[in-house]
Amino acid sequence: MRAHRYLFQVRNRRGLGHMMRGLNIARELTALDPAAEILFYLRTPPAAGFWSGQFRYVVEPDPNTLASWAQVLAEFRPDVVVYDTMLPKAADAEPVAAGARYAYIMRKCLAEEQLEVFANPFLDRMAAIIVPHDEEEFGYPLPPSIAERTCFVGCIVRGPGPAARQTLRARYGAAPGDFLLTSTVGGGGFEAQADAFFAAVFDAHERLARHIPGLRHVVVQGPNYAKQLAAPAGVTLVAVEPDMIDLLAASDLVVAEGGYNTVSEIRITGTPAVFMPSVRGKDDQEARVRELAARGLGRVVVPAGGAALARTVLDLHGTPGAFAAIRANHARAPFATGNRAAAERLYELAA
């Protein structure tokens, strides 16, 4: 018998969530099915440091289309095909692999977009629908046609390494007692939103530097942000940080938007955060982070701006016990990870 073959379709042109979810599931799949052959079909090449030799990938030559998808299906001959978040707009025209079983990772979308997902006829092909949320967080009632094929697994997210805090603080020159602030825009592929985020963060830094002794501020552009930035004095600007989860764990405070992947990593590390959510076509970042703020897991700055961000950070920094209280709230908040459960469902399809 040949090894089971799993093929992930990943649309990674702007953010990192699709790719990271696939990698997190694939790592668990290799533990369940050590002989498995796993292939990723990517829209753009992964940034340096994000990919090990553990998994193979192919890159679509034309990032604006899925032109080579049919060829990849025919050559790889998968047993299981996985779509993340995005379904084909023309289900009847979508190339399919004969004999393969299909799975869909159904992330929560804005209400109108979610209804479009529920109505997409390609869902009929899915033998399994994996929701990377718990049922309460997802919030939408499932159509009867998909309810029996759907499983809620919780967030699909990697965890930090055992020596993450010490290693990453040393990497960025944060001595004991220094205040390590990390600002991240995620993948950085939503250019207009990223521009506004960085402008606010740089403005805030100049205000904060006068009031926070030992401030070490790391700003991560993201692998899909194409512009050159001019950071103010005192900011360590990096294009990409492959060990982002470890940097979050090492940080005293994180400034972020409100994307699924970043928020999940903040949840698993328990790091205090200030969120400046931005507008997305399919995702309600503001609703996501306001729910966290209501549970004492962070603060929200809307509308985004340097002055408001600086006031929020200084209020937290100047309030005794504020950061410890947020970390304690994280420790008390239930947070189930779904990496293993998602992998088990895919393995069941292949077996």
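The values are calculated or read from the model by the stated rules, or taken from the named source; none is laboratory data. If you're wondering where the values come from, they're calculated on a predicted model, not measured in any experiment. With ideal geometry, Cβ positions are generated from the backbone for all residues, glycine too; neighbour counts draw on all protein chains shown.
Inspect all residues belonging to segment 34-46 and state whether any of them is hydroxyl-bearing (Ser, Thr, Tyr) and over 26 Å from Ala90 (Cα atoms). Walk me through how you get there before you give the answer.
Keep residues of segment 34-46 that are hydroxyl-bearing (Ser, Thr, Tyr), which gives 41, 44.
Going one step further and asking which of them are over 26 Å from Ala90 (Cα atoms), we end up with none.
No, every residue in segment 34-46 fails to be hydroxyl-bearing (Ser, Thr, Tyr) and over 26 Å from Ala90 (Cα atoms).
Test Ala119 against the stated conditions and say whether it is farther than 20 Å from Glu291 by Cα, in contact with a strand residue (DSSP E or B) (Cβ under 6 Å, 6 or more places away or on another chain), of a type outside the set (Ser, Thr, Tyr) and modelled with pLDDT of 95 or more.
Working: farther than 20 Å from Glu291 by Cα: yes; in contact with a strand residue (DSSP E or B) (Cβ under 6 Å, 6 or more places away or on another chain): no; of a type outside the set (Ser, Thr, Tyr): yes; modelled with pLDDT of 95 or more: yes.
When the stated conditions are applied, Ala119 does not pass them.
Yes or no: Leu73 in contact with a strand residue (DSSP E or B) (Cβ under 8 Å, 6 or more places away or on another chain), surrounded by 14 or more Cβ atoms within 10 Å (Cβ to Cβ) and part of a helix (DSSP H, G or I)?
Values: in contact with a strand residue (DSSP E or B) (Cβ under 8 Å, 6 or more places away or on another chain): yes; surrounded by 14 or more Cβ atoms within 10 Å (Cβ to Cβ): yes; part of a helix (DSSP H, G or I): yes.
Yes; evaluated as a whole, the condition is true for this residue.
Considering only segment 1-18, I want to know if a residue exists there that is at pLDDT below 95, under 24 Å from Met126 (Cα atoms), in a helix (DSSP H, G or I) and not aliphatic (A, V, I, L, M).
Yes, the conditions are met somewhere in segment 1-18.
Which of the residues belonging to segment 212-238 are in contact (Cβ under 8 Å) with a residue 24 or more places away in the chain, within 17 Å of Arg169 (Cβ to Cβ) and of a type in the set (A, V, I, L, M)?
Hits for segment 212-238 are Ile212, Leu215, Val218, Val219, Val220, Val235.
So that you can scan it fast, the table gives a plain yes or no per residue for (1) assigned to a loop (DSSP other than H, G, I, E, B); (2) among the acidic types (Asp, Glu); (3) within 17 Å of Arg11 (Cα to Cα):
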residue: Ala31; (1), (2), (3): no, no, no
residue: Leu39; (1), (2), (3): no, no, yes
residue: Phe50; (1), (2), (3): yes, no, yes
residue: Leu66; (1), (2), (3): yes, no, yes
residue: Val81; (1), (2), (3): no, no, yes
residue: Leu87; (1), (2), (3): yes, no, yes
residue: Gly99; (1), (2), (3): yes, no, no
residue: Ala103; (1), (2), (3): no, no, yes
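Thr184: closer than 22 Å to Ala249 by Cα, surrounded by fewer than 21 Cβ atoms within 10 Å (Cβ to Cβ) and of a type in the set (Val, Ile, Thr), yes or no?
On the way: closer than 22 Å to Ala249 by Cα: yes; surrounded by fewer than 21 Cβ atoms within 10 Å (Cβ to Cβ): no; of a type in the set (Val, Ile, Thr): yes.
Considered against the rule, which asks whether it is closer than 22 Å to Ala249 by Cα, surrounded by fewer than 21 Cβ atoms within 10 Å (Cβ to Cβ) and of a type in the set (Val, Ile, Thr), Thr184 comes out as no.
Per-residue answers, yes or no, for (1) in contact with a Ser or Thr (Cβ under 7 Å, 6 or more places away or on another chain); (2) within 18 Å of Asn261 (Cα to Cα):
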| residue | (1), (2) |
| --- | --- |
| Tyr102 | no, no |
| Arg107 | yes, yes |
| Ala111 | no, no |
| Val117 | no, no |
| Asn120 | no, no |
| Arg125 | no, no |
| Ile129 | yes, no |
| Asp134 | no, yes |
| Gly139 | no, no |
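Tell me the residue from Glu112, Glu116, Glu137 that is within 28 Å of Ile245 (Cβ to Cβ), acidic (Asp, Glu) and under 25 Å from the mean Cα position of the chain (by Cα), please. Walk me through it before giving the result.
On the way: Glu112 fails: within 28 Å of Ile245 (Cβ to Cβ); Glu116 fails: within 28 Å of Ile245 (Cβ to Cβ).
Being within 28 Å of Ile245 (Cβ to Cβ), acidic (Asp, Glu) and under 25 Å from the mean Cα position of the chain (by Cα) holds for just one of Glu112, Glu116, Glu137, which is Glu137.
Return the pairs, sorted by first residue and then second, in which the second residue is assigned to a loop (DSSP other than H, G, I, E, B), the first residue lies in segment 311-336 and is without any contact (Cβ under 8 Å) to a residue 40 or more places away in the chain, the beta carbons are less than 6 Å apart, and the residues are 6+ apart or on different chains.
Going by the 6 Å Cβ cut-off, the qualifying pairs are Thr312/Val301; Asn329/Gly296; Asn329/Leu297.
Looking for something buried (at least 24 other Cβ atoms within 10 Å of the Cβ), at pLDDT 95 or above and under 22 Å from the mean Cα position of the chain (by Cα) - is there at least one such residue anywhere in segment 204-212? Show your work before the answer.
Going residue by residue through segment 204-212, those that are buried (at least 24 other Cβ atoms within 10 Å of the Cβ) are 204-205.
Filter once more, so that each one left must be at pLDDT 95 or above: 204-205.
Going one step further and asking which of them are under 22 Å from the mean Cα position of the chain (by Cα), we end up with none.
Scanning segment 204-212, I find no residue that is buried (at least 24 other Cβ atoms within 10 Å of the Cβ), at pLDDT 95 or above and under 22 Å from the mean Cα position of the chain (by Cα), so the answer is no.
Looking only at segment 122-156, count every residue that is at pLDDT below 95 and among the basic types (Lys, Arg) and tell me the total.
Total satisfying the criteria: 0.
Based on what the data block shows, is Leu297 over 19 Å from Gln221 (Cβ atoms), outside any loop (DSSP other than H, G, I, E, B), hydrophobic (A, V, I, L, M, F, W, C) and in contact with a Lys or Arg (Cβ under 9 Å, 6 or more places away or on another chain)? Break it down stepwise before answering.
Details: over 19 Å from Gln221 (Cβ atoms): yes; outside any loop (DSSP other than H, G, I, E, B): no; hydrophobic (A, V, I, L, M, F, W, C): yes; in contact with a Lys or Arg (Cβ under 9 Å, 6 or more places away or on another chain): yes.
No.
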